[in-house]
Amino acid sequence: MNSFFKEFNPVGKQEWIDKIHADLRGKDPSLLEHKDKIEEIDFSSVYHVSDQKKHETPGGFPFTRGLKTNLNDWKNTAYVVVSDEKEANAKILHFLMTGADALCLVSSKDNINWSVVLNEVQLEHINAQFTLNSFQEMLEIQKLTSQAANKVHFNFDFLTKDFDLTQFGTHFKENQQRFALANGFGIQQSGGTTWQEIAFCLNTGHEYLLQLMESGLTIDEAAACIGFHIGVGNNYFFEIAKIRSLRALWAKIVQAYSPEHNCSYNCSVTAVIGHTNKSLSDPHTNLLRQTTEIMSALNAGVENIVVLPHDLYSDQGVDSISERMAINIPLILKEESYLDKVIDPIGGSYAVEELTNLIGEKAWSQFQSLEQKGGLFDRRALIDFISEVESKRKLKEEAFLAGETLFIGINNYSNPEPVLSNWKEIPNYLGMDALNYERITKTISA
């Protein structure tokens, strides 16, 4: 391959730019420059090999390109809220028979009979995440799933509920399972920027590391207990770069504590496709949005994909088609588009590499600011951060209302035969209302 490239003369940067400008045929070259006022990031579509700052390979520190060295595989994760045990069990078995190979189970009430929920579910063959309400409930799950402990993980968000992290740390000292959740998805759904979401994850994850090590865990043991949920929006390349920068910056934090094992650098990412830009009135546009958002996550090399049905919070309930497509889209991208075959296909794109650096720089600066304020477990620092996220959310709403941000089926090319349904309340995070553009439109219309 190297001898093949020797047959071509190298092209200098200015020569390349001149050719690109000629191909524009009189159009303004500034079209190639992007200025995102909300993200506060300026970058170009045009970069040259001479702009490349570093050369990385998949599996190598700082793992911007991930730890995968064989396939870009992921877990197609079905989302099930457990309220009625038998209904939840039937739904789980249905999903597993129709393309899901992992589960994200959410406890929505006390005293769930988990043996009924998990009846005939062979967890030793699939991965499962549990979002639970108590330490005791977790012990019950562990007892039921003792033969599949390495496949089972938990999502406890210690910022939202008064769980005792020391109690969990002591319990998981001998046998680690992921249980401490850094919920970037909540920040993304609240209207935060890419770098605010990453800074939030870094600071939350770092606080978990410190507290777990104070509880007697080594850095390797503590790192194995932490997982990340990341929201994925519609800004395609920003979303890819965001996840890549998270991996690199998390590895930087872990490295400071000198881990013994390479796997401790792993930033286990579950990408969650939410509702910010989804439409109940024009449901078919959601298939396109979900597809491109899933592609962003997969091209960034995440471990798990959770696609929430677009009508999860509709007053008409979840339609069987939207539920089926939430499973089928990632499956199609794997079985028919083969997105699992190429590790980090975006690696080497100079524009995305630069965007990864730019988002990473802003995220790291925000992370350092949070650290100086005492971290997000300090109430004052958390309140300040929430205020900053809400400020960005307001800018996004203003851009939408001014017509600067357009969404087909919402504020552009409305569906002439809209589906008659309305949004129920979408769960907030840390007291911040979820951002949903269609709700803004309907509120104004009312």
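The values are calculated or read from the model by the stated rules, or taken from the named source; none is laboratory data. All values derive from a computational prediction rather than experimental measurement. Glycine gets a Cβ as well: all are built from the backbone with ideal geometry, and neighbour counts include every protein chain shown.
Of note:
- Of the residues making up segment 208-267, those that are among the basic types (Lys, Arg) and within 12 Å of the chain's Cα centre (by Cα) are 242, 244, 247.
Yes/no per residue for (1) without any contact (Cβ under 8 Å) to a residue 60 or more places away in the chain; (2) touching a helix residue (DSSP H, G or I) at 6+ places or on another chain (Cβ under 6 Å); (3) surrounded by 14 or more Cβ atoms within 10 Å (Cβ to Cβ):
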site: 351; (1), (2), (3): no, no, yes
site: 387; (1), (2), (3): yes, no, no
site: 434; (1), (2), (3): no, yes, yes
site: 441; (1), (2), (3): yes, no, yes
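- One residue from 273, 346 being surrounded by 19 or more Cβ atoms within 10 Å (Cβ to Cβ) and either at pLDDT below 95 or charged (D, E, K, R) (or both): 346
- Within the option set 197, 124, being over 30 Å from residue 388 (Cβ atoms), acidic (Asp, Glu) and in contact with a Lys or Arg (Cβ under 8 Å, 6 or more places away or on another chain) holds for one residue only, 124.
- Among the residues of segment 192-226, those that are surrounded by fewer than 24 Cβ atoms within 10 Å (Cβ to Cβ) and either among the small types (Gly, Ala, Ser) or under 18 Å from residue 302 (Cβ atoms) (or both) comprise 215, 216, 224.
- Residue match in segment 171-185 (condition: modelled with pLDDT of 95 or more, part of a helix (DSSP H, G or I) and over 19 Å from residue 221 (Cβ atoms)): yes
- Residues of segment 295-320 satisfying the condition of being touching a residue at least 24 places away in the same chain (Cβ under 8 Å), part of a helix (DSSP H, G or I) and polar (S, T, N, Q): 296, 299
- Each residue in segment 51-92 was checked for being more than 22 Å from the chain's Cα centre (by Cα), farther than 19 Å from residue 330 by Cβ and outside any loop (DSSP other than H, G, I, E, B), and 8 pass.
- Near pairs, Cβ below 6 angstrom, 6+ apart or cross-chain, from segment 101-114 (in contact (Cβ under 8 Å) with a residue 12 or more places away in the chain and surrounded by 16 or more Cβ atoms within 10 Å (Cβ to Cβ)) to any residue that is in a loop (DSSP other than H, G, I, E, B) and among the hydrophobic types (A, V, I, L, M, F, W, C): 101/126; 102/126; 107/132
- Residue 192 meets each of the listed conditions (1) at pLDDT 95 or above; (2) within 21 Å of residue 217 (Cβ to Cβ); (3) not in a helix (DSSP H, G or I) apart from (2).
- Answer from 377, 367 - the residue that is of a type in the set (Phe, Trp, Tyr), more than 30 Å from residue 92 (Cβ to Cβ) and part of a loop (DSSP other than H, G, I, E, B): 377
- Count of segment 233-259 residues which are buried (at least 19 other Cβ atoms within 10 Å of the Cβ) and without any contact (Cβ under 8 Å) to a residue 24 or more places away in the chain: 0
- Residue match in segment 286-294 (condition: without any contact (Cβ under 8 Å) to a residue 60 or more places away in the chain and of a type in the set (Val, Ile, Thr)): yes
- Residue in segment 26-45 that is surrounded by fewer than 11 Cβ atoms within 10 Å (Cβ to Cβ), assigned to a helix (DSSP H, G or I) and free of Cβ contacts under 8 Å to residues at least 12 places away in the same chain present: yes
- Some residue of segment 284-303 being among the small types (Gly, Ala, Ser), within 20 Å of the chain's Cα centre (by Cα) and within 20 Å of residue 410 (Cα to Cα): no
- Segment 408-436, subset assigned to a loop (DSSP other than H, G, I, E, B), over 25 Å from the mean Cα position of the chain (by Cα) and not hydroxyl-bearing (Ser, Thr, Tyr), residue nearest to residue 314 (Cα to Cα): 422
- Set side by side, the residues 216, 205, 192 differ, and just one is within 22 Å of residue 102 (Cβ to Cβ), of a type in the set (Gly, Ala, Ser) and either in contact (Cβ under 8 Å) with a residue 24 or more places away in the chain or touching a strand residue (DSSP E or B) at 6+ places or on another chain (Cβ under 8 Å) (or both), which is 205.
- Test set (1) exposed (fewer than 15 other Cβ atoms within 10 Å of the Cβ); (2) touching a residue at least 60 places away in the same chain (Cβ under 8 Å); (3) among the charged types (D, E, K, R) - residue 68 fails condition number: (1)
- Selection status of residue 410, crowded, with 16+ Cβ neighbours inside 10 Å, β-branched (Val, Ile, Thr) and at pLDDT 95 or above: no
- Among the residues of segment 1-51, those that are of a type in the set (Gly, Ala, Ser) and touching a helix residue (DSSP H, G or I) at 6+ places or on another chain (Cβ under 7 Å) comprise 44, 45, 50.
- So residue 373, is it modelled with pLDDT of 95 or more, surrounded by 13 or more Cβ atoms within 10 Å (Cβ to Cβ), basic (Lys, Arg) and under 19 Å from the mean Cα position of the chain (by Cα): no
- Taken over segment 233-262, residues that are polar (S, T, N, Q) and assigned to a helix (DSSP H, G or I) amount to 3.
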